[in-house]
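Below is one structure; the comments refer to it alone.
Every number in this text was worked out from the coordinates using simple rules, so none of it is lab data. Keep in mind that what you see is a predicted model, and the values were worked out from it rather than measured. Cβ sites come from the backbone with ideal geometry, for glycine too, and all protein chains shown count toward neighbours.
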Amino acid sequence: MTRRGLLIILSSPSGAGKSTLAGRLRTWDETLQFSVSATTRAPRAGEVDGTDYFFVSVPEFQDQVAQAGMLEHARVFGNYYGSPKAPVQTAIESGRDVLFDIDWQGAQQISNSALQEHVLSIFILPPSITELHRRLVSRGQDAPDIIEGRMQKSWDEISHWDGYDYVLVNDDLDATEMQLKTIISAERLRRSQQPQLVDHVRSLQSQFGERT
């Protein structure tokens, strides 16, 4: 292994472009492993266990939480959702990066977890609230009341922007994509991500000793 993997967290208010950017990153680097969440809700038509979600019972989920087996978890509309720790730890120890598309609460939990030294957190801001609303409307996916609910929630999400390592304003999708690639490429070279450096430095020091 030449390096440890990163836990790459992308967060943003709905409509800021997070999911689109996550998709572009996975196209750019096919080794990026997307974190598969566990949930207690029933599978929907076409969903595959282990691919879309890990579908578990409530007791199984709660047991994993009790045993510190979740990096982050929350209850949403009566169902539990969370990120299992084991597959993420296996990936980063094998030098593979794991991509998380989560909100600020999940990001905060992961940043405070036992794997915090490997976390790279990035928050995506819209260029304006008007543009954020326009993007939500142009998607044509939600009714007006749902869009309004997302707009109201965006204020709370944006207020946590300063809890992230990097913050990007997505006023140009291509430019933001390039910024993300630059950040990830640089963070992969972080000293803490390169365990082989210790042995290399020791080798250099021993070579100095051989010269005397």
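Using C-alpha pairs under 8 Å with a sequence gap of at least 6, the mean separation divided by the residue count of segment 124-178 gives a relative contact order of 54 percent. With the highest mean first, a sort of the peptides 45-57, 199-211, 101-113, 5-17 on other beta-carbon atoms found within 10 angstrom per residue produces 5-17, 101-113, 45-57, 199-211. Give the separation of the Cα centroids, segment 1-28 to segment 33-71, in Å. Segment 1-28 and segment 33-71 have Cα centres separated by 20 Å. Under 5 Å between amide hydrogens, built in the peptide plane, is the criterion, and for Ser37 it picks out Phe54 among residues at least 5 positions away or on other chains. Rounded to the nearest 5, the antiparallel percentage of DSSP beta bridges internal to the chain is 30%. When you count the other C-beta atoms within 10 angstrom of each residue and take the mean per peptide, 122-130, 136-144, 20-28, 188-196 line up highest first as 122-130, 20-28, 188-196, 136-144. Look at the alpha carbon pairs under 8 Å that are at least 6 residues apart: their mean separation over the length of the chain gives a relative contact order of 32 percent. If a paramagnetic tag sat 7 Å from the Cα of Thr20 along the Cα-Cβ line, which residues of segment 138-154 would have the backbone N under 13 Å from that point? Under cut-off, by backbone N: 138-140. Over the chain, DSSP H runs of length four or greater, each weighted -39,500 (n - 2.57), average out per residue to a 222 nm ellipticity of -13500 deg cm²/dmol. With both labels modelled 7 Å from their Cα along Cα-to-Cβ, the Ser57 to Phe208 distance reads 6.1 nm. Database remark: amide H of Leu120 closer than 5 angstrom to the amide H of Leu7, Ile8, Ile9 (H placed geometrically; neighbours at sequence offset of 5 or more, or on other chains; Pro and chain starts carry no H). Here the simple spin-label model places points 7 Å from the Cα toward Cβ, and for Glu131 and Glu117 these points are separated by 3.9 nm. Annotation: the residues Met151, Met70, sorted from fewest to most other C-beta atoms within 10 Å of their own C-beta, follow the order Met151, Met70. In this simple spin-label approximation, Thr90 and Thr2 carry label points 7 Å from Cα along the Cα→Cβ vector, and these lie 2.4 nm apart. In sequence order, segment 102-113 has phi-based couplings of 9, 8, 5, 5, x, 4, 5, 5, 5, 5, 9, 7 Hz under the Karplus curve 6.51 cos²θ - 1.76 cosθ + 1.60, θ = phi - 60°, and Gly or Pro positions carry x.
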